[in-house]
Amino acid sequence: MTSPADPDRPPRRLVRRLLRGPARSPRDLVGGAPRATYALRFDGRELPARAGQSIAAALWGAGILAWRTTRDNGAPRGVFCGIGSCHDCLVTVNDRPNLRACLTPARPGDTVTTQEGTGRAELGV
């Protein structure tokens, strides 16, 4: 049994909050107002996105798990770490290659394309 002064034990209010369960609606998640939705384009398809989502989250929400291929053997890649460390989730957004989808916010009207290899072909570099 742990004592109340145990530093590894979470505060009781945190435990109570976690035990309450998931939010009941999108209104619970954003301070009472529903999240705005808009569209972005991915490889010619129109996909829904929500305000505050990253491009990776919008792609995942649409069921797309891979949006880049490696330069050596063309292996598919998507999100691996989700925090911008691994660079597996690179995409081309509005003709700008090598953006990390997990860190790049989705914006209304964005055009996102699958990135092949280093992504330099889109700019002619």
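Run the simple label-point estimate for residue 38 and residue 51 please: 7 Å along Cα→C-beta, distance reported in nm.
Modelled inter-label distance: 1.0 nm.
Determine the relative contact order of the stretch 81-121: mean sequence separation of Cα pairs under 8 Å and six or more apart, normalised by residue count, in whole percent.
This gives 40 percent for the stretch 81-121.
Rank 54, 64, 76 by how far each Cα sits towards the positive end of the charge dipole of the stretch 35-122 (+1 on Lys, Arg Cβ; -1 on Asp, Glu Cβ) and give me just the farthest.
Positive-most Cα among the choices belongs to 54.
Read-outs: derived from the displayed coordinates by stated rules, not from any lab. Note that the structure is a prediction, hence the values are computed from the model and not measured. Don't worry about glycine lacking a Cβ; one is built from the backbone with ideal geometry, like all the others, and counts go over all protein chains shown.
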